Amino acid sequence: MTASPDHGTAAWSGVVTGAPPVYRIDERPAHWWETALYSWQHTLVDISPFVLPLVVAEVLKMDAAASAALINFCLVGMGIATLLQTTVGNRLPLIQGPSATITGTLAPVASQLGPAAMWGAAFVGGLIEALVGASRAVGALRRFFPPMVAGVVVVAIGFALGQLAVRLAIGAGRARDFALAGTVIVLIAGLRLGARGVVARGAIFFSIWIVGLGVGSVLGEVQWNVVAAKPWLALPHVFPYGGPGFGWAFVPAAILAVLAGYLGSMVESIGDYAATCAVSDEPYTARHMNRGILTEGIGCALATMVGGLPVTSYTQNVGIIATTRVASRFVVQGAALILLLYGLSPKFGALLVAMPRPVLGGVFIVVCGTIVLSGLRLIAADRDGTATDLIAGTTLVLSVGVPVYVRFALGESWLAGISILGRMVLTNPVVIAVVLAVGSHALLTAVGSGRAARERRRAERSPR
């Protein structure tokens, strides 16, 4: 991967990211049906649109119908935000969807201050994120994200998502749960290694349908009643939960709390942009960061306007690119249209909800493995072995270990007694990785610069 000399990307020159993509970011697949297959494949690994809205729905005491409507609104918001990002944003092949980090701050705000304050804070937070991107302040952070730091963040993202993957794969701990997860992993590997062309690149797509709906139906694990209960068509509404001046409240305390989630989301997105560039064999520049955060903020505001949750970039789709080597943004634009279709046709989107969770968990395990390997390649590309070993090793151990210790040793009751920002910093592996990797790299860089400056002064004073 060759970086342009501007934007401070010289450190990325020569980074090894693995096999080059079959279709690069600005290339289209040869056939429309091939594009459609890859696009649909992207939408099959996005679980957050179904899980995160249910968290908010539970806090707001929504019934089943209202909860399903919230999911539909989130899918519409995903489609809109993804089209914006891939068309006029940073133009990377990134799916945009509900942010777990932001949702983690929205839920307590909704519980303590009510839904009006929650929606108002979510909307204002999106506008502030857009302003941060428009100011180009994010691009100044690019110098703090050399390949090694970005690699550490990418590995942390893979491990964090891997925890969800394992939980889904294990399911209830039944033998058939392990069998479903193992079967889909074996089938993906078999198609990737034994097949060619479209079948190999569509391995995840074919495996999910064969095992998820085929084998799952035979075992009686597919919830077809969920699909049957959904309508074929449901048109979206603008401001279904109120809006500025007619149902939303702009409470300063709520806005400050939610901004902590937006900060974490922006940090995660910067890492996601780096990961996407790495697996797409694309130079990572300041433009990706500035335009990405600007468009992501606009997408968050628009998503709340149609009743969805604020969005962020989705790492699991980076894993899809690394696995299939299809990096075309036109494929992700197609995925955005399919997400809109999910939102407009709840019965169609309910197929994902109806599938056995262990099948999706098995797919996630494969995806997370490719994410971790992409990060390790970035770390290995760093030329300063001593500094890389020190920063990468320590950061990865702490980013994985601290959240586990805090949750299981200190407990949820201890976490409830600290601030929302404190909980996010101590329990989010990606945020921990960013803070420690960036901070350590900046400190070592400053120490090295100071040592070099002292040596220059000593050389100037010494007699010739």
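General observations
- Against the numbered list (1) in contact with a Ser or Thr (Cβ under 6 Å, 6 or more places away or on another chain); (2) crowded, with 21+ Cβ neighbours inside 10 Å; (3) among the small types (Gly, Ala, Ser); (4) modelled with pLDDT under 85, residue 97 comes up short only at (4).
- Among the conditions (1) within 22 Å of residue 154 (Cα to Cα); (2) surrounded by 24 or more Cβ atoms within 10 Å (Cβ to Cβ), the only one that residue 291 does not satisfy is (2).
- Residues satisfying the stated conditions in the range 52-66, i.e. surrounded by fewer than 16 Cβ atoms within 10 Å (Cβ to Cβ) and either in a helix (DSSP H, G or I) or at pLDDT below 65 (or both): 54, 58, 64, 65, 66
- All of 304, 312 fail the test of being crowded, with 22+ Cβ neighbours inside 10 Å and over 14 Å from the mean Cα position of the chain (by Cα), apart from 304.
- Residue match in the range 287-309 (condition: under 30 Å from residue 149 (Cα atoms), in a helix (DSSP H, G or I) and without any contact (Cβ under 8 Å) to a residue 12 or more places away in the chain): no
- Qualifying residue in the range 262-273 (condition: charged (D, E, K, R) and modelled with pLDDT of 75 or more): yes
- Output for the range 310-330, where each listed residue is within 21 Å of residue 150 (Cα to Cα), of a type outside the set (Ser, Thr, Tyr) and in a loop (DSSP other than H, G, I, E, B): 325, 327
- Selection within the range 377-399 - surrounded by 15 or more Cβ atoms within 10 Å (Cβ to Cβ), assigned to a helix (DSSP H, G or I), of a type in the set (A, V, I, L, M, F, W, C) and modelled with pLDDT under 80: 378, 379, 380, 387, 391
Yes/no per residue for (1) at pLDDT 70 or above; (2) outside any helix (DSSP H, G or I); (3) surrounded by 13 or more Cβ atoms within 10 Å (Cβ to Cβ):
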| residue | (1), (2), (3) |
| --- | --- |
| 413 | yes, no, no |
| 421 | no, no, yes |
| 424 | no, no, yes |
| 432 | yes, no, yes |
| 435 | yes, no, yes |
| 442 | yes, no, yes |
| 446 | yes, no, no |
| 449 | no, no, no |
| 453 | no, no, no |
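- Residue-level analysis places residue 273 among those that are buried (at least 24 other Cβ atoms within 10 Å of the Cβ), among the aromatic types (Phe, Trp, Tyr) and assigned to a helix (DSSP H, G or I).
- Tally, over the range 249-298, of residues that are touching a Lys or Arg at 6+ places or on another chain (Cβ under 8 Å) and among the polar types (S, T, N, Q): 3
The values are calculated or read from the model by the stated rules, or taken from the named source; none is laboratory data. Since this is a predicted model, take the numbers as computed values, not measurements. Heads up, the Cβs are rebuilt from the backbone with ideal geometry, glycines too, and the neighbour counts pull from every protein chain shown.
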